[in-house]
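What follows is a short report on a single structure.
The values are calculated or read from the model by the stated rules, or taken from the named source; none is laboratory data. Owing to the predicted nature of the structure, the values given are computational and were not obtained by experimental measurement. In this analysis, Cβ positions are derived from the backbone assuming ideal geometry, glycine residues included, and neighbour counts consider all displayed protein chains. Each accessible area value is taken on the protein alone, full model and side chains, heavy atoms only, with ligands, DNA and RNA left out. Shrake-Rupley method; radii C 1.70, N 1.55, O 1.52, S 1.80 Å.
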Protein chains: 2
Amino acid sequence: MRYKCTCAYDGRNFSGWQKQPTVRTVQGVIEEVLSKLFDSCIVIHGASRTDSGVHALAQVFHFDSDKEIPIGKLSMIVNRHLPDDVRIVNAEFVDDAFHSRFDTSFKTYEYKFSTDASFDVMHSHAIYQYGKEVDLETLSEVANLFIGTHDFKGLMASGSCIENTVRTMFDIKFSKSASTVTMRVSGSGFLYNMVRIMMGVYFDVAEGRKKLADIDSELISGNRNFFNRTAPACGLYLQEVSYEKFYKIIDF
Amino acid sequence: MRYKCTCAYDGRNFSGWQKQPTVRTVQGVIEEVLSKLFDSCIVIHGASRTDSGVHALAQVFHFDSDKEIPIGKLSMIVNRHLPDDVRIVNAEFVDDAFHSRFDTSFKTYEYKFSTDASFDVMHSHAIYQYGKEVDLETLSEVANLFIGTHDFKGLMASGSCIENTVRTMFDIKFSKSASTVTMRVSGSGFLYNMVRIMMGVYFDVAEGRKKLADIDSELISGNRNFFNRTAPACGLYLQEVSYEKFYKIIDF
């Protein structure tokens, strides 16, 4: 049978999602616990391969096993053996045709940064300590250039090789609470480092390094050299992975 | 000349304040940066030897050097070389007679825990995930037993050898914001693990394991076997170290 799980993790002390030899990864840590529990080698398939230092509140993965563990108890049992920076928040049985990565309809990421000039050691791994004020109206104007269906090849980390670089951004919103700004973006999918490169554009505009008109034309031409700033991983959160057929605009 | 510095750190990835060979400590990390900057072996003296996993927003330390670095620039220069989980927040020159540990008039600690049943991976290192509701009025009644001057030998981790175990607790207050409870305690000084053992008493009372009358009598008799619960380090913060001669009751 196929299990679908949703998990949350603090990415600070993980070298990303994807299993690698010798380093601590989310996939590696979860597979180790599941393999002991199911008494066989379990391989999990994540919806998103989050980078080193990136967090998730609702990463989704699936795995197969012939052994049936009561689904209502699975999270509790697994969580007892997981370290404090990762937890299963939901588990369910799904159809064997379900695939955590290929069946997604949209994903939502958030990026958090602080405008406070004083560096906050307690949140430096969870909120990018940007330390400068920004004008949210200006950033929203930049965001409007990204919304819709575009070829985002300019906003992909160099070295990536993906044939189809067209993605649809359904919605991008900024909000501010105390000195923390949150950028929330929902899209059909995201290229490698795309959200962090988007954030780099916002920061460049806030600092007067880039102009709105140039962003528009360089986005169309797909110029990677223009989109050359990648915001730190620590502010990024995978917030939601949806498998609904249609994206609904949600007020947040 | 003698330098007095105030520093903040996230204790999560440190094996406590005090320097030890082979492990990462706050003292070790700061001394390494200062020794390079002053081009000589700098030894720093902290006001409080916080344990592994314990945080500080205002730890104080002093050190001596013949070399004078402009005091207004010291924090900025040092911070550029420190990792993201520790920062100098203030630096000043002090009289050679000043001692960060022996001259303290009072210290303030805070302990944060969550009453929310759901485990928060993003704050599990910063807020103890207690996960159960508590009655703050009951806890305040327990706190009243601790306030004042007492022999706190019962609330000291076993193995400690200190002759004078009498301390004065000036004030203990509980507050709650969303699901996070903060216990704030100011005292003339604290024995090893004393705040965490105090928290253990609160949790035991909240769970009906200990009664008010018993706590009072066991506190007087100094029975360490009775005070046998130590709350996790992750919720504890060194908030303030004061060198004023008189403690003033501050509303917080």
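Quick notes on this structure:
- Per residue accessible area in Å² of chain B, where ligands, DNA and RNA are left out and the probe is 1.4 Å: 46
- For the stretch B:81-100, a reduction of at least 40 Å² in accessible area between the chain on its own and the assembled protein chains (probe 1.4 Å) is found at B:Asp84, B:Arg87.
- Accessible surface of the protein assembly as shown, 1.4 Å probe, proportion on carbon and sulfur as whole %: 49
- Listed residues B:His125, B:Met199, B:Gly148: farthest to the positive end of the dipole of the stretch B:48-203 (Cβ charges): B:His125
- Most positive-pole-ward Cα, A:Leu82, A:Phe63, A:Ser217, against dipole of chain A from beta carbon charges: A:Leu82
- The heavy atoms of A:Lys112 present about 50 square angstrom of accessible area, all protein chains included, probe 1.4 Å.
- Here the Gaussian network model covers chain B, with springs between Cα atoms less than 10 Å apart; of B:Asn225, B:Asn90, B:Asn79, B:Asn225 fluctuates the most.
- Loop-resident sites, the stretch B:132-218, for GluC sites (Glu not before Pro), counting at most 10 other Cβ within 10 Å (DSSP): B:Glu163
- Top of A:Phe226, A:Phe174, A:Phe113 by mean-square fluctuation, Gaussian network on chain A, Cα under 10 Å: A:Phe226
- Inter-label distance, nm, simple model (7 Å from Cα along the C-beta direction), A:Lys173/A:Ser52: 3.5
- Degrees separating the helix A:136-146 axis from the principal Cα axis of chain A, which is the longest one: 70
- In the stretch B:8-28, burial by the other protein chains removes 20 Å² or more of 1.4 Å probe accessible surface, compared with the chain on its own, from B:Asp10, B:Arg12, B:Asn13.
- Ranking A:Ile77, B:Ile162 from most to least accessible surface, computed with a 1.4 Å probe over the protein chains only, gives B:Ile162, A:Ile77.
- Folded to 0 to 90 degrees: helix A:71-81 orientation relative to chain A principal axis, Cα: 80
- Flagged links, alpha-carbon separation over 30 Å, of B:Lys67/B:Lys112; A:Lys132/B:Lys173; B:Lys112/B:Lys210; A:Lys19/A:Lys73; A:Lys73/A:Lys173; B:Lys36/B:Lys112: B:Lys67/B:Lys112; A:Lys132/B:Lys173; A:Lys73/A:Lys173; B:Lys36/B:Lys112
- Percent antiparallel among DSSP beta bridges (both partners in chain A, rounded to 5): 95
- Largest GNM mean-square fluctuation across A:Phe38, A:Phe170, A:Phe203, computed for chain A with C-alpha springs under 10 Å, falls on A:Phe38.
- Between B and A, accessible area buried - total, square angstrom, nearest 100, 1.4 angstrom probe: 1500
- Between B:Thr149 and B:Asp95, the contour length at 0.36 nm per residue exceeds the Cα-Cα span by 16.4 nm.
- If a spin label sat at a point 7 angstrom from the Cα of B:Lys132 along the line to its beta carbon, the backbone N atoms of the stretch B:162-201 nearer than 16 Å would be those of B:181, B:199-201.
- Put a plus charge on the Cβ of each Lys and Arg, a minus charge on the Cβ of each Asp and Glu, and nothing anywhere else: the dipole of the protein assembly as shown about its Cα centre is then about 520 debye.
- In this simple spin-label model, placing a label point 7 Å from the Cα along the Cα-to-Cβ direction at both B:Phe102 and A:Asp39 gives a separation of 6.5 nm.
- For A:Ser35, the label point sits 7 Å beyond Cα toward Cβ; its separations from the matching points on the remaining copies run 4.0 nm, from shortest to longest.
- Degrees, to the nearest 10: A:26-38 long Cα axis against longest axis of chain A: 10
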